[in-house]
Each structure stands twice: as C-alpha cells, then as structure tokens.
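Right, one structure below, let's go through it.
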Amino acid sequence: MKTAVRSFPLAALMAAAWLASPVAKGEAPASAPSLRDPREIRLANVRQLTFSGENAEAYFSFAGDRLIYQSREGKADCDQIYTMDLSGGSRRLVSTGKGRCTCAYFLKGDGRVVFSSTHASAPECPAPPDLSRGYVWPVHPGYDVYEAAADGTDLKPLIASPGYDAEATVSPDGSKIVFTSDRDGDLELYLLDLSTRSTTRLTHLPGYDGGAFFSPDSQKIVFRGWHPTDPKELEEYRSLLRDHLVRPSHMEIFTIRADGSGLRQVTSNGAANFCPFWHPDGKRILFASNVGDEKKRNFDLYLVNEDGSGLEQVTFEPSFDGFPMFSPDGRHLVWGANRNAARPGETNIFVAEWVEAPAGEAAFSEEALRRDVSFLASPDLRGRLTGTPEAREAAEYVAASFRSAGLRPPPGREGYLDAFPFTSGVHLGEGNAASLLGGGRVRPLSVGEEIQPLGMSEDGDLEALPVVFAGYGIRAQDQKWNDYDGLDVKGKAVVVYRWGPEGDDPKSPYALYYPIRHKAMTAREMGAKALIVLGPSAQDDDLVPLSTTARGGSAGLVVLTARRAPFASAFEAAGLSLPDPGNPHGTPLRFEVPGVAFSAAVRLKREKAEGLNVLGWLPATRATDETVILGAHYDHLGLGVEGSLAEKKGEVHPGADDNASGTAGLMALARRFAAEPVRGRNLLFVSFAGEELGTLGSSQVVKAPPVPLEKAVAMLNFDMIGRLRENSLVVGGAGTSPVWKDLLARANTEGLSLSLGEDGYGASDHSVFYAQGIPVLFFFTGAHEDYHRPGDTADKVLYGGEAKVLRLAARVTGALLDLPERPAYVRVAPPPSEMAGRGFRVYLGTIPDYTGEVKGVRLMGVRAGSPAEQGGLRKGDVIVGFAGKTIENVYDYTYALQDHKPGETVAVTVLRDGNRVDLTVLLGRRPGKD
C-alpha cells in the first residue's frame with residue numbers, strides 16, 4: 001500500500017492530536033504515560049520500538065524475529081523502508097532513499113523483501129495532492145513493486161505496469177503476492193503467482209479495493225474496499241481516479257477466496273475501516289476503525305468474526321492505533337500508534353504479547369455462566385426465598401465465589417455475609433377463635449374452615465361487637481358509590497363482599513377498590529373494629545388464603561375472611577338475607593343486623609427471619625476513597641409466594657433468569673476485575689437478598705452502608721440479563737448522569753441494540769441507590785412468558801447473549817474506574833409511561849421505603865421537581881396522615897392517593913425527627929394520563 005493512502009488516518013489524527021494534546025510544540029511530555037490502557041486486556045508487556053518521526057506498517061519476518069516498516073524522520077520528505085529487530089535495534093535502510101516508499105514485506109526465507117517505490121519515475125518526493133478538490137488521497141502512477149535482498153542490495157522490479165502498483169503482501173506459504181493496481185482502469189486486487197509469475201485479477205466492482213492480507217492457510221484474503229453505487233459518487237470517483245486521486249466516503253472490510261470467488265462483506269458500519277489482518281485462528285479479523293468516535297478522528301483496533309458478528313474493541317488510545325499484524329506464531333502483535341508520542345503528530349511502532357484468553361475474560365465463558373446459573377436455579381435450592389436455608393446456601397455460594405476470585409470483605413467487616421432481620425411471614429398462632437351470637441345462642445366458627453384471620457390483621461380480642469353489612473365496603477367518590485352511606489359502623493364488625501358491583505372484572509371502574517387492604521383502610525377510617533370479608537356467591541365462597549409474606553404491615557384493625565353459610569344463617573335469624581350480587585339493587589346492600597354480635601380472638605404469629613446480603617470488596621490500586629458499586633439480587637420466590645404468576649402454588653420457582661443470571665453475571669464481573677492489575681477506583685460487589693420481598697437487601701445496604709454512600713460514584717444493577725433476544729438490551733438510568741450515554745456508546749463495540757431509559761427508578765435494587773443521589777445503570781434483557789413462573793429454568797438462559805451483556809458492562813465499568821472526575825448526578829423526571837395502566841391519576845413523586853416496620857410510610861426520597869418536593873416532603877419523613885386519613889402502611893397511602901384528583905390540595909402529616917409536621921401538597925397529574 002502506498003504511504004499516501006495509509007497516511008490518511010495518520011494525517012487526520014495527527015491534526016487531532018495537536019488540538020487535544022496539552023504538550024506545546026517542541027516540548028517533550030513531562031512524563032511518559034502507560035503504554036497500555038487498562039481496558040486493553042488483550043495486550044500484555046507493551047513495548048515501544050521507535051521514538052520519533054512517523055513510523056508505520058511494520059510487518060514480521062517469516063521467522064518472527066525482525067520487522068520491516070516504513071519511516072520518515074528528520075529532514076527526510078518521504079517514507080523509506082527499514083528493518084529492525086524486535087528490540088528496536090539493528091535498524092537498516094533497505095530502500096534507495098529516493099522517491100516515496102510504502103508497503104514492505106518479507107519473502108519466505110527472510111533473505112529477500114518486497115516494497116513499493118516511486119524512485120524509478122522520479123528521485124524526488126511526489127508532490128502532495130491538490131486539496132482544492134477536497135480531502136483526497138494521491139494514487140501515484142509512479143509506484144511499482146520491487147524485490148531486493150534484505151540488506152537492500154540486488155534491487156529489481158517485481159511488479160510494474162503503467163500506473164499504480166502497490167500494497168503488496170505475501171501469503172504465509174510464500175507462494176503468492178496480493179497487490180492493488182489500476183492497470184485496468186480501476187483500483188482492484190490482483191494475485192501474483194511467484195512460481196509462474198502469472199497475474200490474476202481478483203476483484204471486479206467499481207471502487208477502491210486495497211490493503212489486502214492472506215489468511216493463515218493462504219486460502220483467503222481480507223481487504224478494505226469502497227464501492228460507490230450512487231451514480232454521482234461513482235462518476236466523481238472515476239473523475240478523481242483519472243487525475244490519480246481518490247476520495248474515500250467510507251471503507252468496509254471484505255473477504256474473498258484466493259481464487260477470486262466468494263466475495264463477502266464483513267463490516268457494514270459506515271465508518272472508515274482499514275488495515276485488516278487475520279487472527280491466527282483464521283476465523284476472526286483484526287482491523288482499525290473510527291467507528292467508536294462520533295467525530296471520526298480516533299482510530300482503534302477492533303476484533304470481529306469473519307461473518308461480522310462479535311465486534312470487540314481491542315485498543316483505547318484516544319488518537320490512533322492501526323496497521324496490526326500478528327507474529328507467525330500468533331503470540332505477538334505489532335502495530336503503529338500515536339501513544340506516548342514525544343511530539344504531536346508522531347507515530348511509532350509498538351509490539352505486545354497477544355492475550356488470547358485475557359485473565360478474567362474466561363469468567364464470561366458460557367461454561368462458567370451455565371455452571372453458576374444451574375447451581376442457583378437447581379431444584380435443590382427451592383427458589384432461594386429470602387430467610388430460608390436454601391437462600392443461605394445460595395448466599396454462601398456467592399461468597400465462596402467472591403473469595404476464590406480474590407475479593408475481600410469490605411473494610412471493617414469480618415466476613416462476606418451481611419445479615420439483617422426482617423418479618424418473613426405471618427401464620428396463625430395459638431388461641432384463635434370466633435363466634436356469632438344470634439337468636440339467643442352462640443354459634444362457634446371453625447378457624448381455618450369457616451373463618452380465618454388475614455395476614456394484614458391486627459391481633460385483638462373482640463367481645464360481642466354489633467354487626468353491620470356494608471355491601472362491597474367501597475367508598476368511591478368518583479363513581480358516586482358509597483356502601484357506608486347512612487351506616488354507623490363505629491366500634492362494630494363490618495361484613496362486606498369481595499370484589500365490586502361489577503364482579504371481579506379487572507376493567508371495571510371499581511377495580512381500584514377491590515383489594516381487601518383498601519376495604520380494610522376504609523372500614524378503619526369509618527371507625528370499625530373488625531372487617532369480615534365474604535365471597536359474593538356460593539360459587540365464590542372460598543376463604544381468602546392467609547398471605548404469609550407479611551408485606552405492607554398491619555391494616556390497623558382485625559381483618560378476617562369467612563364463608564357465607566354461618567353469616568347467612570345469622571342474618572336469616574334476624575329476618576334479613578345476604579344480598580344477591582347478581583341483582584345489586586333488588587335488595588338492600590347496606591344495613592345493620594339487629595340481635596347479632598360477633599366475637600373473636602386473633603393471634604397471629606409474625607415470624608422474624610434473617611436475610612443475607614453478600615458483600616465483596618476490590619480495592620483500587622491507587623489511593624482513593626471513591627467506589628463503584630455493582631449489584632444483583634440472588635433471591636427468588638421459593639415455592640411461589642406472593643408475586644408468583646404460576647397457576648398453582650407449591651412448585652419450585654427456579655428463577656434462572658430472575659435472577660440467577662444477574663448473580664452469575666455479578667460473580668463473573670468480580671472474577672474479571674479481580675484479574676485486572678490496575679483499578680482507578682474501589683469496587684464493591686453486592687448480591688442482594690430480599691429484592692422479591694420489596695428491595696429489602698438493597699435498602700439494608702443504604703441504611704447501614706459498608707462504605708460511605710457519598711463516596712459511591714455509581715451503581716450498576718443486573719436483573720434478568722439471561723434472555724438476550726434480537727440483540728436487544730434495555731439499559732435503564734441512562735439519564736441519571738451526563739456521562740452514561742457516551743460511555744455506553746463507546747463500550748458498545750459488539751453492536752448491541754441498546755434501548756435506553758432515562759429514569760433511575762424502577763422495580764429493582766438500583767432505584768434504592770438512585771434515591772440516595774447516586775447515578776445508576778440497570779441492565780435488563782426483557783420480560784418473557786416464564787417470568788415469576790416455574791418455567792424460568794436454567795436451560796432457557798441464553799448464555800452467549802449474557803456474555804455479550806457482561807462484556808459491555810465490563811467495558812462501562814472499566815471506563816468508570818478510569819474517569820478523571822466522578823460522574824455527575826442528574827435528577828430525572830419520571831417517564832410519561834410510569835405506572836401506566838395501574839389506575840393512578842394523581843402524581844406526588846414520593847419514593848416509599850417498603851421495608852420499614854413503622855406505622856406509616858417512610859420516604860427514601862422524593863423526585864426532582866415533584867409535588868412532594870414542592871410541598872416540602874423530604875427523604876426520611878414518615879407519612880402518617882394524608883387528606884384526613886390515618887396512614888399506617890404503604891397500602892393505606894396508595895389507596896389514599898387513588899381517592900384524589902390532580903389539582904387538589906391535600907394536607908399531609910409526617911413525622912420528622914420524631915416531631916409531627918403538617919404540610920400542604922398540590923397533587924399533580926401523572927405524566928401520560930388524561
């Protein structure tokens with residue numbers, strides 16, 4: 001190849017280097033930076049071989065002990081050809097010192113070399129191109145290919161025709177040379193058989209084909225080409241070529257068989273891709289490209305599969321890396337780069353050991369991911385429900401993985417497991433009883449058969465409470481429906497039906513009022529002491545199952561579910577009957593039941609259990625107190641607790657994607673970064689418990705942080721990353737820091753289709769950290785039909801796709817560790833689609849703490865610019881009153897919100913530092929709602 005052609009990126013990037021470099025012209029850098037970026041995990045023991053001028057296109061001898069390259073130093077105007085050994089010594093001029101030279105290569109045996117030169121047409125350096133025609137490359141017609149002894153003697157023409165002959169390289173078997181020529185009126189590839197000296201044309205498409213290299217078996221050729229198809233572009237190309245010029249629009253990588261068949265395009269990115277070289281396995285290609293730079297000034301090396309898949313960025317030099325070549329044994333890589341330049345504009349030769357399986361990269365192997373997911377999602381772990389022995393076994397597995405990778409417990413902690421207490425379940429205690437008094441006799445009710453307390457119930461002893469029937473227990477001002485109208489229920493037992501006036505239709509306008517917790521809140525607000533819920537018909541007469549997950553806290557009164565028969569008998573004894581839900585207006589829907597009383601003793605056993613977060617610490621390799629947090633929850637739904645979407649309970653919910661995949665990914669990232677010799681910031685790895693029960697584990701981390709949260713620069717969360725389909729990955733939180741989108745774009749070297757969400761909140765652990773003012777990213781491959789069902793098994797995880805997600809995350813994390821400044825935090829307004837379809841009309845902007853075992857709702861934060869913030873609510877406030885209603889739990893709060901409309905002003909009472917504070921809040925309209 002000719003220097004002018006190949007110098008395009010060098011020239012452009014030298015200009016960029018002048019603009020970007022802090023070093024003034026004529027000054028040497030104050031100190032040499034590292035020759036290897038920490039992200040360059042495929043390079044080891046990088047050595048610089050030249051130290052001044054412009055040096056490029058260095059290629060190994062067949063023995064792998066010498067290099068031949070082109071160089072321009074001192075006052076020389078044109079590139080000449082030199083050889084040197086792998087230490088950079090024994091430098092020898094091979095070319096004549098006249099004209100311009102380029103594209104040198106050893107012939108087999110290393111006793112002779114080939115290169116291109118213009119010295120025969122004119123000893124002077126060719127004139128530069130006329131840039132009045134725009135940015136163009138010269139294609140000097142004086143270039144011919146010469147053969148010489150390795151010391152420069154015995155020079156003679158090898159390939160010479162009228163016009164341009166250059167860019168010659170030799171096949172590994174030593175039998176052929178591929179080169180570029182315009183001898184037929186276009187820039188095409190040709191093959192020279194060295195035994196017969198016959199020449200064959202290989203390419204035939206209009207446009208520039210060049211920079212070709214043979215595959216290790218000498219059977220295929222890789223090259224870069226530009227084939228304009230637009231008539232105007234094609235005519236311009238031909239017009240310039242007549243003047244021995246070309247203007248590259250863009251260049252893509254192609255392959256072709258050595259006989260000229262099987263042309264195949266490898267890249268299609270629209271960038272300038274050039275100098276491709278085959279990987280020693282003959283299946284991948286290493287090449288230079290500016291695809292990762294929006295300004296198209298920076299060229300880096302990329303590795304790609306022959307079919308165009310699996311793009312991987314190899315170098316990260318901020319100006320230029322190019323002209324790569326593997327040594328014949330595949331153990332070393334030589335290339336040209338601007339790194340560590342003594343003067344802006346200089347390009348030098350570098351050599352490094354090639355790391356085929358980088359330390360830590362093996363962590364992303366499908367085998368390793370499958371092993372970890374299969375263990376965590378095995379039937380033996382019974383769904384990893386937080387607080388169970390199986391969850392402990394999962395936590396100990398993660399801790400062992402952290403330990404074996406070389407992670408430590410966080411500073412000040414003795415071990416990897418961080419225990420926290422929580423209410424794990426509610427069960428019937430001893431001494432539960434209930435009875436109806438009517439007609440002068442007591443009718444005991446069988447607990448568990450005819451009546452049963454619900455998990456939300458208060459404990460208590462009720463003695464002979466008057467009974468009132470209150471329809472469906474609904475007060476819906478927007479629907480002009482009030483089952484309590486005209487009733488006095490204070491101090492009484494209120495009997496209601498499940499569902500609403502239109503049955504259990506989820507699309508009914510009454511659906512917001514179906515939940516028993518909503519009915520309980522309403523009964524409590526009306527002064528009732530007990531709520532008894534019946535099925536509305538004989539066909540819907542089962543007892544409501546006792547929820548054992550203890551979500552949401554107490555409802556503030558006794559709440560029971562009962563069968564219809566005993567209450568129907570008691571009502572009939574009083575001369576009344578249960579209303580017919582099929583004819584809601586045919587009989588009264590609300591009435592007192594004279595002569596009937598209800599008694600009960602409710603004893604619920606609220607069990608405490610221990611959740612276990614797993615913490616692993618990787619300290620920085622330099623002095624810093626800043627930390628990047630990586631997290632994934634390891635818990636799941638056990639045998640199908642609340643939140644399961646299974647048709648029947650009691651089956652193991654393996655949770656392979658949710659979230660054994662994220663946990664396996666976290667362990668893989670820990671192995672990856674533990675193997676990294678340079679880390680600019682600390683790394684804290686956290687595998688959370690209790691996410692499925694309401695972000696219990698992540699909330700515990702922010703309440704009792706192992707490192708100061710103000711020093712946490714970012715949090716990356718991995719939840720359900722095992723079902724990558726159509727190459728599409730959701731990344732939430734992209735708006736939580738100005739740096740995210742650029743980091744993601746530069747890290748996305750494998751061409752994932754990224755769907756970016758701005759908001760830092762969501763139904764996973766990252767939202768807890770975002771509420772603390774920490775920028776976050778959330779990696780998620782999407783929901784599927786096995787979500788929260790027994791079908792979420794390890795065999796359905798797409799391990800190759802997960803590995804691709806993790807490589808992206810590793811590149812983002814590596815960039816985070818090296819950012820000179822911590823990422824800025826941005827408070828993002830909620831997206832228009834938030835809570836869509838859930839029936840919410842009003843918007844307040846609070847962030848509840850779902851783990852708080854306090855009366856009321858503790859706030860973990862408030863959203864930027866929200867009505868809550870404008871009304872004076874703060875992080876740490878405990879809401880105990882809303883619009884005149886007592887708030888005892890998050891359900892009360894949710895239902896209280898639903899009773900209001902945007903634009904209404906409501907009174908909110910909070911506990912702040914132990915003091916009651918009364919606030920007034922103007923309710924907003926939920927974005928996206930009419």
Quiz item: What ranking do 798-809, 705-716 get when scored by the average of other Cβ atoms within 10 Å per residue, highest first?
Solution: 798-809, 705-716
Quiz item: How far is helix 799-818 tilted off the main Cα axis of the chain, in degrees rounded to 10, range 0 to 90?
Solution: 80
Quiz prompt | Antiparallel content of DSSP bridges confined to the stretch 431-602, in %, to 5 | solution = 65
Self-check item: Heavy-atom accessible area per residue - the stretch 431-602, 1.4 Å, Å²
Solution: 41
Quiz item: When Lys and Arg each count +1 and Asp and Glu each count -1, what net charge do the other residues less than 13 Å away from T153, Cβ to Cβ, add up to?
Solution: 0
Quiz item: Quick one: which of 465-471, 374-380 comes out on top by average Cβ neighbours within 10 Å, and what's the full order, highest first?
Solution: 465-471, 374-380
Quiz item: In degrees, nearest 10, range 0 to 90: what is the angle between the Cα axis of helix 231-242 and the longest Cα principal axis of the chain?
Solution: 30
Quiz item: If you take the square roots of the eigenvalues of the alpha-carbon gyration tensor of the stretch 431-602 and sort them as a ≥ b ≥ c, do you get rounded (a/c under 1.5), prolate (a/b over b/c) or oblate?
Solution: rounded
Quiz prompt | Measure of compaction for the stretch 842-925 (Cα Rg per 2.2 N^0.38 Å) | solution = 0.95
Quiz item: In the neighborhood of L534, defined by Cβ-to-Cβ distances under 10 Å, what is the net charge if each Lys or Arg adds +1 and each Asp or Glu adds -1?
Solution: +1
Quiz item: Pairs K492/K875; K519/K901; K156/K283: which are spaced more than 26 Å apart, C-alpha to C-alpha?
Solution: K492/K875; K156/K283
Quiz item: Normalised by the number of residues in the chain, what is the relative contact order in percent for Cα pairs under 8 Å and 6+ residues apart?
Solution: 9
Self-check item: Cysteines without a disulfide-compatible partner [the chain; Cβ-Cβ under 4.7 Å]
Solution: C101, C103, C275
Practice problem: Report Rg/Rh for the chain, rounded to two decimals, where Rg is the Cα radius of gyration and Rh the Kirkwood radius. | Solution: 1.13
Quiz item: To the nearest 10 degrees, how steeply does helix 366-376 sit against the main Cα axis of the chain, on a 0 to 90 scale?
Solution: 10
Practice problem: Can you tell me how much longer the chain between R606 and T200 gets when fully stretched, taken as 0.36 nm per residue apart minus their C-alpha distance, in nm with one decimal? | Solution: 137.7 nm
Quiz item: Under the classification rounded if a/c is under 1.5, otherwise prolate if a/b is larger than b/c and oblate if not, where does the stretch 711-793 fall, given a ≥ b ≥ c as square roots of the Cα gyration tensor eigenvalues?
Solution: oblate
Practice problem: Lys and Arg at +1, Asp and Glu at -1: add these up for the other residues within a Cβ distance under 11 Å of V701 and post the number. | Solution: -1
Quiz prompt | Highest-first arrangement of 389-398, 629-638, where packing means the average Cβ count within 10 Å | solution = 629-638, 389-398
Quiz item: What order do S446, S699 take when sorted by accessible area (1.4 Å probe), most exposed first?
Solution: S446, S699
Exercise. Count the DSSP beta bridges whose two residues both fall in the chain, then state the antiparallel fraction as a percent rounded to the nearest 5.
Key: 80
Quiz item: Of all accessible surface on the chain at a 1.4 Å probe, what whole percent is carbon and sulfur?
Solution: 50
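The values are calculated or read from the model by the stated rules, or taken from the named source; none is laboratory data. As the structure is a computational prediction, the values presented were derived from the model and not from experiment. Here Cβ is always computed from backbone atoms with ideal geometry, including for glycine, and neighbour counts include all displayed protein chains. These accessible areas exclude ligands, DNA and RNA; they are computed on the full protein's heavy atoms, side chains included. Shrake-Rupley method; radii C 1.70, N 1.55, O 1.52, S 1.80 Å.
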